[in-house]
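**Q** I have a structure I would like to understand better, so I am pasting it below and will then ask my questions one at a time.
Read-outs throughout are calculated quantities, based only on the coordinates presented, and are distinct from any laboratory measurement. Keep in mind the model is a prediction, meaning the values are calculated, not measured. No Cβ is skipped: glycine too gets one built from the backbone with ideal geometry, and neighbour counts run over all protein chains shown.
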């Protein structure tokens, strides 16, 4: 009986050894697979190269499509009516005339425009005005300031219509609005330029302020 018992003990010991070896193998296999998965996850989480930056949109040097250009004025609340000479009269929401606009066309695109504003007539007074004359001067100054504010507002819409992607920076836009007020109040002409557009301020006679914008050629 003893040899049979020893045989059973040896078989049991061998079976336990096989179980241990199989367990170690499975553990090593799982550890290897987990490491591979973690490596793949780490590699996929970090892109090999950063995406290229999206370039800023710019407008064709020939200008903006006429349909989009005029649509920008409509969206801003203006109504445009054509005249016999091809210019446009701009009316606000109350159908009060604001100014005249003459667009510059290159094919189907608008490359520039000229806004014309009627200025109030300055009263003629003596060097030392009387009370009545001073009242007229005060009324003139108030009316001129109102017209210049209107010019700045319409100019902002016109600039947005010609420059929908903001190629002209905000600092230049503010400088141009200030230039309109300054030149309009002093009755003088001026010119300035930005990255994509040129600005010209001048007078047609003594009572019409003209603001011209044009895109720079390529």
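**Q** Return 116, 191 ranked ascending by Cβ neighbour count within 10 Å, so the fewest neighbours appear first. Before the final figure, lay out each step's value.
**A** Values: 116 16, 191 11.
Taking fewest neighbouring Cβ atoms as first place, the list is 191, 116.
**Q** Residue separation times 0.36 nm, minus the C-alpha to C-alpha distance between residue 125 and residue 82: what's the value? Spell out each step's value before the answer.
**A** Numbers: separation 43, 0.36 × 43 = 15.48 nm, distance 3.84 nm.
The span from residue 125 to residue 82 would gain 11.6 nm if fully extended.
**Q** Would you mind pulling out the separation of the Cα centroids of the stretch 116-189 and the stretch 75-112, in Å?
**A** 19 Å
**Q** Okay, next question. Packing-wise, with mean Cβ within 10 Å as the measure, how do 64-76, 119-131 rank, highest first? Mind showing how you got there, number by number?
**A** Values: 64-76: 15.4, 119-131: 11.2.
Per-residue mean Cβ counts within 10 Å order the peptides as 64-76, 119-131.
**Q** I would also like to ask the following. Determine, for 203, 165, the number of other Cβ atoms within 10 Å of each Cβ, and report the residues in order from fewest to most. Walk me through the intermediate numbers first.
**A** On the way: 203 15, 165 11.
The order, fewest Cβ neighbours first, is 165, 203.
**Q** Using the scaling law 2.2 N^0.38 Å as the reference, what is the normalised Cα Rg of the stretch 127-218?
**A** 1.29
**Q** Right, next: Determine, for 95, 101, the number of other Cβ atoms within 10 Å of each Cβ, and report the residues in order from fewest to most. Walk me through the intermediate numbers first.
**A** Details: 95 8, 101 21.
Ascending Cβ contact count within 10 Å gives the list 95, 101.
**Q** Please report Rg (one decimal) and Dmax (integer) in Å for the Cα set of the stretch 87-163.
**A** Answer for the stretch 87-163, Rg first and Dmax second: 16.9, 56 Å.
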